[in-house]
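Contents: one structure, followed by commentary.
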Amino acid sequence: MKFDLEGLTVYFPYEYIYPEQYQYMIELKHSLDAQGHCLLEMPTGTGKTITLLSLITSYMLAHGDSVGKLIYCTRTVPEMEKVLVELQELIEYRRRYFPDNKEPKIVALGLSSRKNLCVHPIVSEEGSRESTDAKCMRLTAPWVRDRRGEDGVETCGFYDGLEADGVTARLEPGVYTLNDMRKLGKQKTWCPYFLARNMISFANVVVFNYQYMIDPKVSNLVSRELEKECVVVFDEAHNIDNVCIEALSVNLRQQTLDNAGRNLASLRRRIDRMKETDAERLREEYRRLVAGIAGAHTGGSSALVTQGDTTSMEQYLANPALPDDILREAVPGNIRRAEHFVAFMQRFLAFLRRKMDVGMVVIEDPRMFLRNLEQEVAIDSKTLRFCYDRLASLMRTLEVSSTDEYSPIHMVADFATLAATYMERGFAIISEPYDDRMPNVPDPIIQLSCLDASLAMRPIFTKFRSVVITSGTLSPIDLYPKILNFHPVALASLHMTLTRECLCPVVLTRGADQLPVSTKFDMRNDPGVVRNYGRLLVDLAATVPDGIICFFVSYSYMDSIVSAWQSMGILAELMEHKLVFIETQDVVETTLALDNYRRACDCGRGAVFLSVARGKVAEGIDFDRHYGRCVVMFGIPYQYTLSRILRARLEYLKDNFQIKESDYLAFDAIRQAAQCVGRVIRSKADYGLMVFADKRYQRGDKRDKLPKWISENMKEANMSLSTDVLVAVAREFMREMGQPVEGGAVGLLSEADIRERGANQRTL
């Protein structure tokens, strides 16, 4: 349909629109009009993606040059592909309103890693992302291409093809998925990865992973050329604070330091060889460093493929510091010479080894760490801030192509630069001799932990006119502005309109024997609790058709529960009703288990999938239709509360943002639980039973943190059930959902309904 929304012509590719989609568009438009940021929670399965795309592309069409690109950030590659497919359908629908080929031209594409875009017959077969990157660099580095044609020198034909076509290597208007990019690359002999990088400057819509915007090592390369007028969307952003924390944190283990030492020895040998064969290169690098880091980055190391310059492509990640915090001055004299810098890094590495050799946990802020560093090995913080850039410059000068082999020393340089840059705020350095959960196994680690998620988001909020943070599980929504330290112009948690009660959230507080159930530490291994959880699952398997998904609070707890069920005979009884599949920490095994689970559901046998909150399945896999008729959340998935990093972050949040420890822990746990149970509802035509199996869910302070679309559908009678009553509720719910749906498009808005609403609003 095509309709007017407060003066904006919106193109929406369906005949009807949900009321929550309409309200979402209004909130989003207000944010764009105010050129501010917004925080919007929209119920799962209500078409959030197409709503975002329809409103923002319509807004771009109406406002022309005053609005820049749409930058759509997703968590996973399947989500990226889904966004691009929906955009293709939207653009195809929009064409009907622009006859005679007069529709506005749009270029939209997805950008992912080389691993997902490479079409080189050998490189694309590499197993990991790191090895793919390294293999690609061995074929595309400037010094490799300079020797093209020599015996034994191999280059990438797809990269060469893109370079040869130069400025003519452009995408025609259209929407290109990753698969489309690979097909086009094979047809034209162009590298899809570097083509996508080149086209960012010309595209209207770019879809990529969070890291391309949040992680400064990547965003300084990919996103720095984006104009201020861009609209940035973070979809499924309920965990965005954790993504920010991880992007600015570095963990170094003993093995990493040992490998970094070998990297430095290798670099020293390369320097000695170059002194004998090409000393002028080292002298030239020294002259560039005198001019500053920016000068050292010339000569084939630019991050982005610019117009007419396909030879200028990145070889190493950028500085890990945020753009505003990178020094723009000459490199200190004591690390300008290559051999002096290697000696400098060896002294720093020796200091890290001493810091790691502790008998108890040591927590210190970066200022104390740097003070000790200067006293012991005479390294000052200013010099340390240049480590990452200086290392990248040296690697280019030495023409090192094996980036995967040198990742340990890059991690050490990353650690050094971040510690010296953010010594005043938001970081802690934690040295641990072992993991608390395995105190008898020596496993020393030194961690530079970011405590403030707002540090990573600050340059994004500052640079771009509008940033949209959205998800189906953002409750309690008022906590995000505190954690991310920004002021949204629009903040809304939308309701879910239903034509029938297709959601049935219930709370299990006790077993059929009336004993309470919970995963509290003092109860979780109680045989009565374990038995009651097992009986619940057996009874549900006998009642609920098709697929059942279960989430546990951790892998270790799931392992202990399954082992206990095996000894009690519960597992054998469960398998009489349905097949059982288990998520493991191995990606290949889990993928195979998921595939077989779906096959079991397809053939009518039904299955149970045992999974873990915060795992791969909980975050990225949908169990729509018959793949998920019931989901059970065993316990409340709190983080490991004895974690030193978590304790330091909680203290930081309390001191700087006045967020209580208990409030944050409950908020984090409940959003994870909501994310898990939301896996079974992917549209309003779907239905599912949501079981919160822990007595603590009946408390108001826990239920209040659930998204509105879940809490509003939780009947008071279902807030404290025993196993036998819950099974009766499940049986009645499944019987009701099995009846034909009556009422057609009740609850949907047509074009006429929207016109009427608009007229009423103008009257008011």
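Are any of the residues in region 133-147 more than 34 Å from the chain's Cα centre (by Cα) and open to solvent by 30 Å² or more (accessible area, probe 1.4 Å)? Yes: region 133-147 contains one or more residues that are more than 34 Å from the chain's Cα centre (by Cα) and open to solvent by 30 Å² or more (accessible area, probe 1.4 Å).
Tell me, which residue of region 61-82 that is modelled with pLDDT under 95, under 22 Å from VAL243 (Cβ atoms) and of a type in the set (Val, Ile, Thr) is least open to solvent (accessible area, probe 1.4 Å)? It comes out as THR74. Identify, from the list VAL580, VAL608, the residue that is part of a strand (DSSP E or B), touching a Lys or Arg at 6+ places or on another chain (Cβ under 7 Å) and more than 24 Å from ALA717 (Cβ to Cβ). Of VAL580, VAL608, the one residue that is part of a strand (DSSP E or B), touching a Lys or Arg at 6+ places or on another chain (Cβ under 7 Å) and more than 24 Å from ALA717 (Cβ to Cβ) is VAL608.
Considering region 737-761, and only residues there that are touching a Phe, Trp or Tyr at 6+ places or on another chain (Cβ under 9 Å) and aliphatic (A, V, I, L, M), the residue that is modelled with the lowest pLDDT turns out to be ALA745. The residue of region 491-503 that is modelled with the highest pLDDT, among those that are closer than 21 Å to ILE670 by Cβ and open to solvent by 60 Å² or more (accessible area, probe 1.4 Å), is LEU491.
Of the conditions (1) within 30 Å of ALA428 (Cβ to Cβ); (2) in a loop (DSSP other than H, G, I, E, B), TRP190 clears all except one; give me its number. So TRP190 meets the others, but not (1). Among the residues of this structure, THR51 does not count as one that is under 27 Å from LYS482 (Cβ atoms), in contact (Cβ under 8 Å) with a residue 12 or more places away in the chain, part of a loop (DSSP other than H, G, I, E, B) and not hydrophobic (A, V, I, L, M, F, W, C). When region 701-721 is filtered for residues that are open to solvent by 30 Å² or more (accessible area, probe 1.4 Å) and either within 30 Å of the chain's Cα centre (by Cα) or not basic (Lys, Arg) (or both), the ones remaining, listed by number, are ASP701, ARG703, ASP704, LYS705, LYS708, SER711, GLU712, ASN713, GLU716, ALA717, MET719, SER720.
Results for (1) without any contact (Cβ under 8 Å) to a residue 60 or more places away in the chain; (2) among the polar types (S, T, N, Q); (3) buried (at least 19 other Cβ atoms within 10 Å of the Cβ), shown as yes or no for each residue.
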site: GLU364; (1), (2), (3): no, no, no
site: ILE379; (1), (2), (3): yes, no, yes
site: ARG390; (1), (2), (3): no, no, yes
site: ARG425; (1), (2), (3): yes, no, no
site: ASP443; (1), (2), (3): no, no, no
site: GLN447; (1), (2), (3): no, yes, yes
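The number of residues in region 440-464 that are over 22 Å from the mean Cα position of the chain (by Cα) and either within 16 Å of VAL233 (Cβ to Cβ) or assigned to a loop (DSSP other than H, G, I, E, B) (or both) comes to 2.
Is it true that some residue in region 87-102 is crowded, with 19+ Cβ neighbours inside 10 Å and more than 22 Å from LYS183 (Cβ to Cβ)? Yes, because at least one residue in region 87-102 is crowded, with 19+ Cβ neighbours inside 10 Å and more than 22 Å from LYS183 (Cβ to Cβ).
Here PHE461 fulfils each of the conditions (1) touching a His at 6+ places or on another chain (Cβ under 7 Å); (2) buried (at least 24 other Cβ atoms within 10 Å of the Cβ) apart from (2). Exactly one residue out of ARG735, ARG731, ARG757 is basic (Lys, Arg), open to solvent by 60 Å² or more (accessible area, probe 1.4 Å) and either outside any helix (DSSP H, G or I) or free of Cβ contacts under 8 Å to residues at least 60 places away in the same chain (or both), and it is ARG735.
Here is a check on your reading of the model: is ASN116 open to solvent by 20 Å² or more (accessible area, probe 1.4 Å), at positive phi and at pLDDT below 95? Taking the combined requirement at face value, the residue does not satisfy it.
For region 39-60, the condition of being out of contact with any helix residue (DSSP H, G or I) (no Cβ under 7 Å at 6 or more places or on another chain), open to solvent by 10 Å² or more (accessible area, probe 1.4 Å) and farther than 24 Å from CYS676 by Cα holds for at least one residue. Looking at VAL538, VAL506, just one residue is open to solvent by less than 10 Å² (accessible area, probe 1.4 Å) and more than 34 Å from the chain's Cα centre (by Cα), and that residue is VAL538.
Mind counting the residues in region 393-413 that are touching a Phe, Trp or Tyr at 6+ places or on another chain (Cβ under 8 Å), part of a helix (DSSP H, G or I) and either farther than 15 Å from ARG281 by Cα or without any contact (Cβ under 8 Å) to a residue 60 or more places away in the chain (or both)? Residues meeting the conditions: 3. Touching an Asp or Glu at 6+ places or on another chain (Cβ under 8 Å) and among the hydroxyl-bearing types (Ser, Thr, Tyr), is that true of THR155? So THR155 does not fit the description; no.
Residues checked against (1) out of contact with any Lys or Arg (no Cβ under 7 Å at 6 or more places or on another chain); (2) hydroxyl-bearing (Ser, Thr, Tyr); (3) in contact (Cβ under 8 Å) with a residue 24 or more places away in the chain; (4) more than 30 Å from GLY472 (Cβ to Cβ):
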position: ALA196; (1), (2), (3), (4): yes, no, yes, no
position: GLN254; (1), (2), (3), (4): yes, no, yes, yes
position: LEU257; (1), (2), (3), (4): no, no, yes, yes
position: ALA260; (1), (2), (3), (4): yes, no, yes, yes
position: ILE271; (1), (2), (3), (4): yes, no, yes, yes
position: MET274; (1), (2), (3), (4): no, no, yes, yes
position: GLU280; (1), (2), (3), (4): yes, no, no, yes
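Any residue at all in region 432-441 that's open to solvent by less than 30 Å² (accessible area, probe 1.4 Å) and of a type in the set (A, V, I, L, M)? Within region 432-441 (the criterion being open to solvent by less than 30 Å² (accessible area, probe 1.4 Å) and of a type in the set (A, V, I, L, M)), the answer is no, since none of the residues qualifies.
Here the helices (runs of 4 or more DSSP H) wholly within region 194-277 that include at least 1 residues being surrounded by fewer than 17 Cβ atoms within 10 Å (Cβ to Cβ) and of a type in the set (Lys, Arg) are 254-277.
For region 80-137, a residue qualifies if it is in a loop (DSSP other than H, G, I, E, B), in contact (Cβ under 8 Å) with a residue 24 or more places away in the chain and farther than 28 Å from ILE621 by Cβ, and the qualifying residues are PRO104, LYS105, ILE106, HIS120. Checked against the criterion of being in a loop (DSSP other than H, G, I, E, B) and either farther than 30 Å from LYS482 by Cα or in contact (Cβ under 8 Å) with a residue 40 or more places away in the chain (or both), the candidates TYR597, TYR638 yield just one match: TYR638. So which pairs qualify, if the first residue must be in region 465-490 and surrounded by fewer than 19 Cβ atoms within 10 Å (Cβ to Cβ), the second must be part of a helix (DSSP H, G or I) and of a type outside the set (Gly, Ala, Ser), the Cβ gap must be under 8 Å, and the two must be at least 6 apart or on different chains? Pairs found: PRO476/PHE667; LYS482/PHE657; ASN485/MET457; ASN485/ARG458; ASN485/PHE657; HIS487/PRO481; VAL489/HIS30.
Those residues that are within 13 Å of MET633 (Cα to Cα) and of a type in the set (A, V, I, L, M), I need them from region 541-556; list them, please. Within region 541-556, ILE548, ILE549, VAL553 meet the criteria.
Looking across region 1-38, the residues that are in contact (Cβ under 8 Å) with a residue 60 or more places away in the chain, in a helix (DSSP H, G or I), over 15 Å from ASP753 (Cα atoms) and touching a helix residue (DSSP H, G or I) at 6+ places or on another chain (Cβ under 8 Å) come down to TYR24, LEU28, LEU32.
The values are calculated or read from the model by the stated rules, or taken from the named source; none is laboratory data. Since the structure is predicted, the reported quantities are computational estimates derived from the model, not experimental observations. Every residue, glycine among them, receives a Cβ derived from its backbone with ideal geometry; neighbour counts consider all protein chains shown. Note: accessible area is taken over every heavy atom of the protein model, side chains too, but ligands, DNA and RNA are not part of it. Shrake-Rupley method; radii C 1.70, N 1.55, O 1.52, S 1.80 Å.
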